[in-house]
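Everything on this sheet refers to the single structure shown next.
Values in this text are rule-based calculations from the coordinates and carry no lab data. Since the structure is predicted, the reported quantities are computational estimates derived from the model, not experimental observations. All Cβ positions, glycine included, derive from the backbone under ideal geometry; neighbour counts span all protein chains shown.
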Amino acid sequence: MSQLDLAVDAEISTRHLSFVESGRSQPSREMLLHLAERLAVPLRDRNLLLVSAGYAPVFAERPLGDPALASARKAIELVLKGHEPYPALAIDRHWTLLEANSAVAPLLAGADPALLKPPVNVLRLSLHPSGLAPRIANLPEWRAHLFERLRKQIDISADPVLMALLEELRALPVPQSRRPPPSTSGYAGVVVPLQLVTEAGVLSFLSTTTVFGTPVEITLSEIALESFFPADRGTADALQRLSARASAADLKFLQQLQQPRLGISNRKAALES
């Protein structure tokens with residue numbers, strides 16, 4: 001975005017914006033927040049911007065288990081539960097698993113237990129040769145898609161943890177599949193599906209990402225819900241069958257993945273409700 005574009009979008013003069021950028025003018029707290037809003041600066045970084053300008057931070061950060069976020073936790077659980085029998089999960093800004101629905105557990109079969117020890121990083125689990133990578137039928141496409149998303153996050157946040165994660169993932173060996181590359185012609189070049197080899201066959205998913213629309217709290221602003229929809233009738237039918245066979249062991253497995261992150265004592269009851 002050019003200086004002129006930002007000035008027009010923020011409804012201020014280019015002269016004043018130039019003075020702010022050059023340090024010739026001291027912006028008010030309200031002006032800093034206004035500009036940060038127009039630039040879609042993450043809340044965490046808006047606090048840093050305020051502090052660097054001599055103002056107190058205004059956005060609180062609480063653990064997800066804090067009572068003040070009870071309504072948000074309930075909303076997350078409702079969305080994930082309502083998405084069943086299709087898989088969905090909640091992650092934080094570093095792609096750490098916070099919560100998942102019961103449809104996720106069967107898809108993790110065969111993954112190295114070390115990758116499933118909390119805190120679980122979803123990208124590492126997906127792309128590691130001891131994780132899901134050997135079972136992702138279109139791994140080159142899916143890997144490129146995840147790298148692009150991660151690069152966009154880094155461009156916005158300059159987060160050193162994400163930078164290190166990207167370098168780690170790039171260095172992982174890419175398993176060579178013995179299967180022929182799956183056809184993606186049915187998606188008309190508009191989406192990158194996730195095609196996962198399972199005991200039920202190759203399951204094809206389309207994914208969406210959901211965030212809270214009006215957060216004013218840092219933890220909440222950094223949570224994303226990743227929902228996977230069946231891309232074909234065969235996948236939808238297979239997921240229905242897997243759901244019917246869901247066991248108490250699957251629920252206990254998810255509880256072990258999530259409880260340390262959420263800090264909710266009755267997590268098992270929530271999963272079984």
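Can you tell me the 0 to 90 degree angle between the C-alpha axis of helix 43-52 and the longest principal axis of the chain, rounded to 10? In the chain, helix 43-52 runs at an angle near 30 degrees to the longest axis.
Legend: calculated FRET efficiency, ASP9 to ILE154, from the Cβ-Cβ distance at R0 = 22 Å, rounded to 0.05, equals 0.40.
Quantify how much of the Cα-Cα distance distribution of segment 36-127 extends past 16 Å, in percent. In whole percent, the long-distance tail amounts to 68. Rg and Dmax over the alpha-carbon atoms of segment 45-199 stand at 18.2, 59 Å. Put in line by how crowded their Cβ is, counting other Cβ atoms within 10 Å and starting with the fewest, PHE228, PHE19 read PHE19, PHE228. Largest first and in whole Å, the equivalent-ellipsoid semi-axes of segment 22-73 read 28, 11, 8, each the square root of five times a Cα gyration tensor eigenvalue. Principal semi-axes of the equivalent ellipsoid, √(5λ) from the alpha carbon gyration tensor of the chain, are 38, 23, 17 Å from largest down.
The mean of 1/r over all distinct Cα pairs in segment 3-52, once inverted, gives the Kirkwood hydrodynamic radius of 11.1 Å. Between PRO57, HIS34, SER126, the Cα set farthest toward the positive side of the dipole of segment 1-154 (charges on each charged residue's Cβ, about the Cα centre) is that of SER126.
Determine, from the Cβ-Cβ distance of GLU199 and ASP66 and an R0 of 30 Å, the FRET efficiency 1/(1 + (r/R0)^6), rounded to the nearest 0.05. Could the numbers behind the result be given before it?
Numbers: r = 40 Å, r/R0 = 1.33.
The value I calculate is 0.15.
Sequence-ordered 3J(HN,Hα) estimates for segment 129-145 from the Karplus curve with 6.51, -1.76 and 1.60 and θ = phi - 60° stand at x, 9, x, 8, 3, x, 9, 8, 5, 10, 3, x, 5, 5, 4, 4, 4 Hz, glycine and proline given as x.
Taking other C-beta atoms within 10 angstrom as a stand-in for reagent exposure, TYR55, TYR86 fall in the order TYR55, TYR86, fewest first. Computed from Cα atoms, the angle from the helix 233-244 axis to the main principal axis of the chain rounds to 80 degrees.
Give the angle, between 0 and 90 degrees and rounded to the nearest 10, that separates the Cα long axis of helix 29-38 from the longest principal axis of the Cα atoms of the chain. In the chain, helix 29-38 runs at an angle near 40 degrees to the longest axis.
Comparing Cα centroids, segment 60-95 and segment 1-37 end up 35 angstrom apart. Listed by Cβ neighbour count within 10 Å, with the fewest neighbours leading, GLU199, GLU84 appear as GLU199, GLU84. For GLU99, nonlocal amide neighbours, meaning residues 5 or more places apart or on other chains whose placed amide H falls under 5 Å from its own, are ALA90.
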